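Written below as structure tokens is the structure these notes are about.
The values are calculated or read from the model by the stated rules, or taken from the named source; none is laboratory data. Everything numeric here is computed off the predicted structure, so don't read it as measured data. Methodologically, a virtual Cβ is constructed for each residue, glycine included, from the backbone with ideal geometry; neighbour enumeration extends over all protein chains shown. The accessibility values were calculated without ligands, DNA or RNA, using every heavy atom of the protein model including side chains. Shrake-Rupley method; radii C 1.70, N 1.55, O 1.52, S 1.80 Å.
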Amino acid sequence: MKLLISGSSGLVGSRLCQKLDEDPACETVRLVRKQSSEKQGTTALWQPTSDSMDLSHFAGVDAVIHLGGVNIADKRWSPEIKKKIYNSRVQSTRLLAQSMAQLEQPPSTFICASAIGYYGDRGDERLAENSSRGNGFLADVCDGWESATQPARAAGIRVVNTRFGMILDKQGGALAQMLTPFRFGVGGKLGSGSQYWSWIALPDVVNAILFCLQHSEIQGPVNFVAPDEVTNLEFTKTLGKVLSRPTCLPVPAWAVKTIFGEMGQELMLSSARVTPEKLQSAGYEFTYPKLEDAFRGLL
């Protein structure tokens, strides 16, 4: 199988490419915006900000996996940052989808990242893939992101929109940022702590992408979250237990909003109780179905 992958230097993309490179039956081509002197396998240049794509990159490609996008938690959201976050996902996805739709022999599958931000702030409501979209900036981003795959779907390509929950890994993402304060014993719940945090361990992200690649019956939105539904308070206590540290310094909601603004409200205080209905129905078995096991395995 020949795969075209964007976002190969990111948290998910780098681990996915590492696993694929170990499989002699797979050939990977990494879409990059500029060439690097570092050895990273076969690469192909593209410029999504200028809608530049060489259709020859798709020659012989069986599937495209699109994981690119500006980090949503890298900087406090300003109108300019929000525009970059939105365009980095929607514009690049539309370019890939439209390019594939032009081909006489397009790839059979297009796996495109999305996020559970699609559901917005929903309290303790259980959310499956058929649940309605919510409100807020992230819901707008995810809706535009998924809609941008439509040209590929209209061309008969199987499209999978991977709605990622909080991805746990000690090398990057939210967990990596939490480890230092928690190890010093200054971790605590955020706001009331009652908001649901839907999470998934990085090894399961990679394995579930490959699972979707291999199971042609899976299409449309797929929730990439573990089946263990936990609140922020439960998440906090479990991490403290695994690290053998106290978690008695809560951060009030007003402080989160003051420091992080809209980003803090949507990423830290919003509640999304998301279930992995499609993955489980298709027979996917999680490596880390429980949060405590995930922390112990990752840390």
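What the table below lists for this structure:
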{"quantity": "Cβ pairs under 7 Å, 6+ apart, first in segment 74-97 and closer than 12 Å to SER6 by Cβ, second open to solvent by 80 Å² or more (accessible area, probe 1.4 Å) and of a type in the set (Lys, Arg)", "calculated": "none"}
{"quantity": "Any chance ALA113 is outside any helix (DSSP H, G or I), in contact with a Lys or Arg (Cβ under 9 Å, 6 or more places away or on another chain), open to solvent by less than 30 Å² (accessible area, probe 1.4 Å) and of a type in the set (A, V, I, L, M)", "calculated": "yes"}
{"quantity": "The lone exception for GLU217 - which of (1) among the charged types (D, E, K, R); (2) part of a loop (DSSP other than H, G, I, E, B); (3) under 20 Å from GLY117 (Cα atoms) it fails", "calculated": "(3)"}
{"quantity": "Qualifying residues in segment 144-179 (those that are farther than 21 Å from ASP62 by Cβ, in contact with a strand residue (DSSP E or B) (Cβ under 7 Å, 6 or more places away or on another chain) and of a type in the set (D, E, K, R)) - the one least open to solvent (accessible area, probe 1.4 Å)", "calculated": "ARG163"}
{"quantity": "Residue in segment 276-287 that is most open to solvent (accessible area, probe 1.4 Å), counting only those that are within 17 Å of the chain's Cα centre (by Cα) and closer than 27 Å to GLN171 by Cβ", "calculated": "PHE286"}
{"quantity": "Near pairs, Cβ below 8 angstrom, 6+ apart or cross-chain, from segment 124-135 (farther than 22 Å from SER281 by Cα) to any residue that is open to solvent by 80 Å² or more (accessible area, probe 1.4 Å) and modelled with pLDDT of 95 or more", "calculated": "GLY134/ASP121; ASN135/ASP121"}
{"quantity": "Residues (over 30 Å from ILE111 (Cβ atoms) and either of a type in the set (Lys, Arg) or open to solvent by 30 Å² or more (accessible area, probe 1.4 Å) (or both)) located in segment 216-237", "calculated": "LEU233, GLU234, LYS237"}
{"quantity": "Criterion (touching a residue at least 40 places away in the same chain (Cβ under 8 Å) and not in a loop (DSSP other than H, G, I, E, B)) met by exactly one of ALA226, ALA294", "calculated": "ALA294"}
{"quantity": "Those residues of segment 62-87 which are outside any loop (DSSP other than H, G, I, E, B) and under 19 Å from GLU262 (Cα atoms), in sequence order", "calculated": "PRO79, GLU80, ILE81, LYS82, LYS83, LYS84, ILE85, TYR86, ASN87"}
{"quantity": "Residue within segment 258-265 that is open to solvent by 50 Å² or more (accessible area, probe 1.4 Å), assigned to a helix (DSSP H, G or I) and of a type in the set (A, V, I, L, M, F, W, C) present", "calculated": "yes"}
